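This report refers to the structure that appears directly beneath it.
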Amino acid sequence: MKTIAIISPSVRRGRNSHRVAIFFKRYIEENKLALAEILDLKEYNFPLFDERLRHLPDPAPEILQFAQKIGSADGVIIIAPEYNGGYPASLKNVIDLLTDEWRKKPVAISTVSDGSFGGTQVITALQFSLWKIRAWTVPAMFPVPKVRETFDEEGTPADREVTGRRASAFINELMWCIEAKERMKG
Ligand SMILES: Cc1cc2nc3c(=O)[nH]c(=O)nc-3n(C[C@H](O)[C@H](O)[C@H](O)COP(=O)(O)O)c2cc1C
């Protein structure tokens with residue numbers, strides 16, 4: 001079984017994008033597509049890193065654990081909340097922390113906002129950072145507008161059918177990239 005790490009970056013009290021992380025974990029597992037784990041940056045409560053992991057003299061166990069989970073995952077989904085047209089500092093903090101763990105890692109991005117545009121402005125900045133760090137970003141998008149109306153706190157979508165269809169296309173593309181990468185190893 002493949003493994004997918006879902007990064008939920010919002011550390012905000014009363015955050016809403018975490019609903020989308022819960023949805024994807026459930027969707028992936030209920031459809032037996034992979035094993036999915038949410039890497040919750042609010043729970044990790046990382047400091048602002050002053051160096052990359054490879055240069056940190058005495059990294060805390062949870063930092064090593066996070067790096068190991070990204071490194072060993074077959075694919076990653078990033079839930080990217082839109083903050084002023086960009087993605088949150090908590091996410092940049094962990095992107096810049098790692099190096100080899102990101103190399104050729106299939107990464108799918110779901111953007112989330114309170115407004116009507118589903119955080120689509122976030123995509124360019126986040127894609128660029130991930131490209132620079134040599135991750136393999138999947139072209140499929142999963143924008144979530146008006147997140148408080150479209151998902152409840154348990155991650156249940158208001159429109160199950162349409163959301164399920166969109167999620168299927170999104171995850172299929174991630175799985176295709178995971179499969180393609182695996183074949184290249186042979
Ligand atoms: C600092 C900050 C800036 C934000 N900027 C935008 C924005 O430009 N457009 C928008 O639609 N929502 C914006 N939001 C709302 C978030 O997109 C919204 O809270 C969403 O639920 C995702 O973030 P969350 O998981 O932290 O709740 C902003 C929220 C914060 C905290």
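The values are calculated or read from the model by the stated rules, or taken from the named source; none is laboratory data. Keep in mind that this is a model prediction, so the values were computed, not measured. Cβ coordinates were reconstructed from backbone atoms using ideal geometry, including for glycine residues, and neighbour counts include every protein chain displayed. In case anyone asks, the SASA skips ligands and DNA or RNA and just uses the protein heavy atoms, side chains included. Shrake-Rupley method; radii C 1.70, N 1.55, O 1.52, S 1.80 Å.
Averaging sequence separations of C-alpha pairs under 8 Å and six or more residues apart, then dividing by the length of the range 1-109, give the relative contact order as a whole percent.
About 37 percent, as a whole number.
If you average the sequence gap of Cα pairs under 8 Å that are 6 or more apart and divide by the length of the range 130-186, what percent do you get for the contact order?
34 percent
Just to make sure I understand: if all protein chains stay in place, what is the order of 1, 175 by accessible area at 1.4 Å, largest first?
1, 175
If you count only protein heavy atoms with a 1.4 Å probe, what accessible area per residue comes out for the range 106-186, rounded to a whole Å²?
Per-residue value: 58 Å².
Any chance you could run the full-extension gain for residue 69 through residue 131? It's 0.36 nm times the residue separation minus the Cα-Cα distance, nm to one decimal.
Between residue 69 and residue 131, full extension yields an extra 20.3 nm.
Leaving out ligands, DNA and RNA but keeping every protein chain, what accessible area does residue 46 have, in Å² rounded to the nearest 10, with a 1.4 Å probe?
The accessible area of residue 46 comes to roughly 40 Å².
In whole Å, what three semi-axes, largest first, describe the equivalent ellipsoid of the chain built from its Cα gyration tensor (square root of 5 times each eigenvalue)?
24, 20, 15
Counting only other residues whose beta carbon sits under 12 Å from that of residue 172, what net charge do I get with K and R as +1, D and E as -1?
0
Quick one: pull the percent of accessible area on the chain belonging to carbon and sulfur, 1.4 Å probe, ligands and nucleic acids left out.
51 percent
With respect to the cross-link table entries 132/185; 2/25; 69/181; 92/146; 104/185, which display a Cα-Cα separation exceeding 20 Å?
132/185; 92/146
For the chain, which span is the longest to avoid every loop-located (per DSSP) member of GluC sites (Glu not before Pro) having at most 12 other Cβ atoms inside 10 Å?
Result for the longest clean stretch: 52-152.
Between beta-carbons, use under 15 Å as the cut-off and find the net charge around residue 148, counting Lys and Arg +1, Asp and Glu -1.
For residues surrounding residue 148, the net value is -2.
Could you let me know the centre-to-centre spacing of the range 1-25 and the range 38-98, using Cα atoms, in angstrom?
Here the two parts' Cα centres lie 13 Å apart.
Which residues in the range 7-31 have a backbone N closer than 18 Å to a point placed 7 Å from the Cα of residue 168 along the Cα-to-Cβ line?
24-31
Mind checking the alpha-carbon convex hull of the range 3-97 and giving the volume per residue in Å³?
Value for the range 3-97: 100 Å³ per residue.
Could you please report the charge total around residue 54, scoring K, R as +1 and D, E as -1 over all other residues with beta-carbon less than 11 angstrom from its beta-carbon?
-2
When DSSP assigns beta bridges and you keep just the ones with both residues in the range 1-123, what percent turn out antiparallel, to the nearest 5?
Taking every DSSP beta bridge within the range 1-123, about 5 percent pair in antiparallel fashion.
Quick one: what are the phi-derived ³J(HN,Hα) couplings along the range 120-134, Karplus 6.51/-1.76/1.60 with θ = phi - 60°, whole Hz, x for glycine and proline?
The phi angles translate into 5, 5, 5, 3, 4, 5, 6, 4, 5, 4, 5, 5, 4, 8, 6 Hz.
So who's got an amide H within less than 5 Å of the one on residue 151, skipping anything under 5 residues away but keeping other chains? H placed 1.01 Å off N, in plane.
Residues meeting the criterion, in which the H sits 1.01 Å from N, are 158.
At most 14 other Cβ atoms within 10 Å and a DSSP loop assignment: could you name the trypsin sites (Lys or Arg not before Pro) in the range 142-186 that fit?
none
Where does each of 168, 17 land when they are ordered by accessible area, with a 1.4 Å probe and the largest first?
168, 17
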